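Data first, discussion second: the structure below is written as C-alpha cells.
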C-alpha cells in the first residue's frame, strides 16, 4: 500500500470517528439538576423559605436558593461526583431585642453522591425542631468573638454531646444581631450558636486557649445539669468563659468531697 492510500484511509477514519466522539461527549451532561421538597418532620407540612446551599466535596460554595411555598427547590449545578448540602431555616423575630433571627429547626449537613449522567431527583429532607444556645465568648484580650473569629479561635473545634457523653444531634451555627446586619456577611458576623434538640441535655466541648499554657480541650456541663432548650425556637445565652471556669471549679469541689 502506497503512501497516498495510507493517508486517504487516515482521513476517512477521522471523518467517521470524530463525529461519533463529539456526539458522545455532547450526551454527557455538564450541568445537573438537584430537586426535591423540605418538610417539618413532625407535621409533614412543607417548609417555605428554607436556605439550601450546595458545595463541592471540600465545602467550597457553589450556589444556593430558598424553597418556595410548597417547600420545593430546584437548582442547577456543575457536574461533580460529590456534593455537600447545607439546609437551614431562619425565622425573623417580629419584635427584636438583641437578635433579628432565630432557629426553630436544626440545620442539616449531608453528603450526596451523583451519577455521571442523571439529575438528583426527589431529594427530600425532614427538619427536626431546634432551639438556640447562643455562645458569648471572649478572647484573652476581652474582645467578644463573632462567629468567624470564634471558629478561628477554637480552630473549628466545638461540639456537643449528650449529658451521658453519647453523641447527640447538635449543629453549630450563628444568630444575626442588629450589629451584624450592617456587615457584608451578617451570618459570619453574627454570634456563635449551638442549635439543640428541645428537652435534651448537652455537654459542650471546645478547644480553648489557656494563657501561658496553650490550647486545651475543655468541657462545660452547667455544673452537671447540662445545657438544654425547653421548646422550639427558644433562645438562651451563656457566657462560655464563665461556664468553663465554673465547670472546672465544680469538678474540683466534687473531687474533694470523694
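Taking the criterion of being buried (at least 18 other Cβ atoms within 10 Å of the Cβ) and modelled with pLDDT under 85, the residues of the range 169-185 that qualify are 176, 177, 180. Taking the criterion of being outside any strand (DSSP E or B) and either free of Cβ contacts under 8 Å to residues at least 24 places away in the same chain or under 19 Å from residue 186 (Cβ atoms) (or both), the only residue of the range 130-140 that qualifies is 137. Among the residues making up the range 73-95, those that are assigned to a strand (DSSP E or B), surrounded by fewer than 18 Cβ atoms within 10 Å (Cβ to Cβ) and at pLDDT below 90 are 91, 92. Of the residues making up the range 144-158, those that are within 23 Å of residue 53 (Cα to Cα), without any contact (Cβ under 8 Å) to a residue 60 or more places away in the chain and outside any strand (DSSP E or B) number 8.
Taking the criterion of being assigned to a loop (DSSP other than H, G, I, E, B) and modelled with pLDDT under 90, the residues of the range 17-57 that qualify are 28, 29, 30. Please count how many residues of the range 58-72 are without any contact (Cβ under 8 Å) to a residue 24 or more places away in the chain and part of a strand (DSSP E or B). Residues in the range 58-72 being without any contact (Cβ under 8 Å) to a residue 24 or more places away in the chain and part of a strand (DSSP E or B): 6 in total. Among the residues examined, residue 139 does not qualify as buried (at least 21 other Cβ atoms within 10 Å of the Cβ) and at pLDDT 90 or above.
Among residues of the range 28-52 that are without any contact (Cβ under 8 Å) to a residue 40 or more places away in the chain, those with a beta-carbon under 6 Å from a residue that is surrounded by fewer than 17 Cβ atoms within 10 Å (Cβ to Cβ) and not in a strand (DSSP E or B) at least six positions away or on a different chain give the pairs 46/70; 48/69.
Filtering the range 150-163 to residues that are in contact with a strand residue (DSSP E or B) (Cβ under 9 Å, 6 or more places away or on another chain) and over 22 Å from residue 200 (Cβ atoms) leaves 150, 151, 153, 154, 155, 156. Residue count for the range 159-178 satisfying the condition of being in a strand (DSSP E or B) and either more than 15 Å from the chain's Cα centre (by Cα) or over 13 Å from residue 98 (Cβ atoms) (or both): 11. Looking at the structure I just gave you, is residue 166 in contact with a strand residue (DSSP E or B) (Cβ under 9 Å, 6 or more places away or on another chain), surrounded by fewer than 22 Cβ atoms within 10 Å (Cβ to Cβ) and more than 18 Å from residue 230 (Cα to Cα)? So residue 166 fails the test. Out of 218, 188, one residue alone is modelled with pLDDT under 95, surrounded by fewer than 20 Cβ atoms within 10 Å (Cβ to Cβ), outside the structural domain of residue 102 (by TED's automatic domain parsing) and more than 24 Å from residue 129 (Cα to Cα). It is 218.
For the criterion of being buried (at least 17 other Cβ atoms within 10 Å of the Cβ) and out of contact with any helix residue (DSSP H, G or I) (no Cβ under 7 Å at 6 or more places or on another chain), residue 200 passes.
Residue-by-condition table, conditions (1) in a strand (DSSP E or B); (2) assigned by TED's automatic domain parsing to the domain that holds residue 78:
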{"position": "97", "(1), (2)": "no, yes"}
{"position": "109", "(1), (2)": "yes, yes"}
{"position": "122", "(1), (2)": "no, yes"}
{"position": "142", "(1), (2)": "no, no"}
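Of the residues making up the range 221-233, not one is crowded, with 18+ Cβ neighbours inside 10 Å and farther than 20 Å from residue 164 by Cβ.
The values are calculated or read from the model by the stated rules, or taken from the named source; none is laboratory data. None of these values were measured; they are calculated from a predicted model. For neighbour counting, all protein chains shown are included, and Cβ atoms are generated from backbone atoms with ideal geometry for every residue, glycine included.
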